[in-house]
1. Quick check: pseudo-label points 7 Å beyond the Cα along Cα→Cβ at residue 130 and residue 70, how many nm apart are they?
2. Distance between the C-alpha centers of segment 1-48 and segment 167-195? Whole Å please.
3. Check cross-link reach from residue 11 to the lysines: straight Cα distance under 16 Å, and skip same-chain residues fewer than eight apart.
4. Given axes a ≥ b ≥ c from the Cα gyration tensor, I'd like to know whether segment 147-278 is rounded (a/c under 1.5), prolate (a/b larger than b/c) or oblate.
5. Binning at 10 angstrom from zero up to the longest distance, how are the C-alpha pair distances of segment 45-109 distributed in percent?
6. Determine the gain in length on full extension of the stretch residue 194-residue 7; use 0.36 nm per residue of separation and subtract their C-alpha separation, reporting nm with one decimal.
7. Do the alpha carbons of any pairs in 88/330; 10/197; 16/182; 182/330; 198/330 sit beyond 32 Å of each other, and which pairs?
8. Using only the alpha-carbon atoms of segment 138-225, report the extent along each of the three principal axes, biggest first, to the nearest angstrom.
Amino acid sequence: MRAAVMTEVKKPWTLKTLPDPRPQPGQVLIRIRASGMCGTDLHAHHGVMPVPLPLVLGHEPVGEIVEVGAGVNGLRAGDRVGVSWTQKGDGRCRFCQEQRDSYCPEAQTWVQMGGGNSELMLAWATGCTLVPQGLSDEAAAPIFCAGYTVVSGLRNAEPKPGERVAVLGIGGLGHLAVQYAKALGLEVFALTGSAAKKDEARRLGADQVIVAGDDLGRALLDAGGADVILGTTNSAVHATQALRGLRPEGRMVNMGLVDGAIQVDPMHFLGTQVRLVGSRQNHRRDLVEALALAASGKVKPAIEVYPLDRINEVRDRLEAGKVRYRAVIKH
Ligand SMILES: [Zn+2]
Ligand SMILES: [Zn+2]
């Protein structure tokens, strides 16, 4: 199988032919059709998130099961699936007993198994989710990290009918957050520092776009505030500012890896009973919901599609902030 292999930190990934793997009991072998690239891949590339090397990256994989290991229930050869970040826990800790294996200290992920930047990929069957009809391989791939992250963020915000959601940052996560919040029938504001993204945010379905100058929170308050802020920015300054734009009892759900501490004004925090919530991929049902909404056509990931042999160029493009809004490798 041809694969893009990360062999050293900060060095181009190497295209290699590796031996075709065979599934062990409990595993499936997937012929990968599409593999999304994510900001986390940049963290691995730069050594910010240490991974054992050599390693095939790619945690937004979608493909067809070509072989099923012993003891796998439900999944069959020919099924179209994607694979979650967390594939399997140890089955013994408290979190596994609660079927929350993403908290398991021994959880198996793409870091142990290898990812989707390869023609073939092994995965634990328990990490696979069927891709619904009506969703292409390329469009489904970003749902397995970005879409899942965003829907978990929305669910963690516990939005009520009629509430207003402000999406902070219009990028790989944010462009999906606007669409998912809209698909749930919520009023959606987009908060961006870039005037160039105003029309795009509108096209994505935002009811109003706030292009903030010096103070995002002030700008949001001037527009009436928000019940929920979905934070997808990596700027701690912007996240800190935006927090002030919450209405009383509002929730700011932060799903971007911010570049510093989010500051809380103690008096504002106390007086308004706002909540600041950390969020990442949570219940598997959030992924299923994310896939279903995309398959229904209510959410359309904006993707750029490239062949595997351009993967280093794609990573550079992602790093330069040029991707609109998710890059997908098509095998
Ligand atoms: Zn990711
Ligand atoms: Zn466990």
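The values are calculated or read from the model by the stated rules, or taken from the named source; none is laboratory data. Predicted, not measured: the structure shown is a model, and the values here were computed from it. We place every Cβ from the backbone using ideal geometry, glycine too, and count neighbours over all the protein chains shown. These accessible areas exclude ligands, DNA and RNA; they are computed on the full protein's heavy atoms, side chains included. Shrake-Rupley method; radii C 1.70, N 1.55, O 1.52, S 1.80 Å.
1. 2.7 nm
2. What the calculation gives is 30 Å, centre to centre.
3. Counting by Cα, and skipping residues close in sequence, residue 11 has no lysines nearby.
4. Values: a/c = 1.36, a/b = 1.21, b/c = 1.12.
Rounded, because the longest to shortest axis ratio a/c is under 1.5.
5. Histogramming segment 45-109 at 10 Å steps yields 18, 35, 38, 9 percent.
6. Numbers: separation 187, 0.36 × 187 = 67.32 nm, distance 3.62 nm.
Between residue 194 and residue 7, full extension yields 63.7 nm more.
7. Numbers: 88/330 26 Å; 10/197 30 Å; 16/182 43 Å; 182/330 29 Å; 198/330 30 Å.
16/182, as the Cα separations exceed 32 Å there.
8. Principal extents (largest minus smallest coordinate, Cα): 36, 29, 19 Å.
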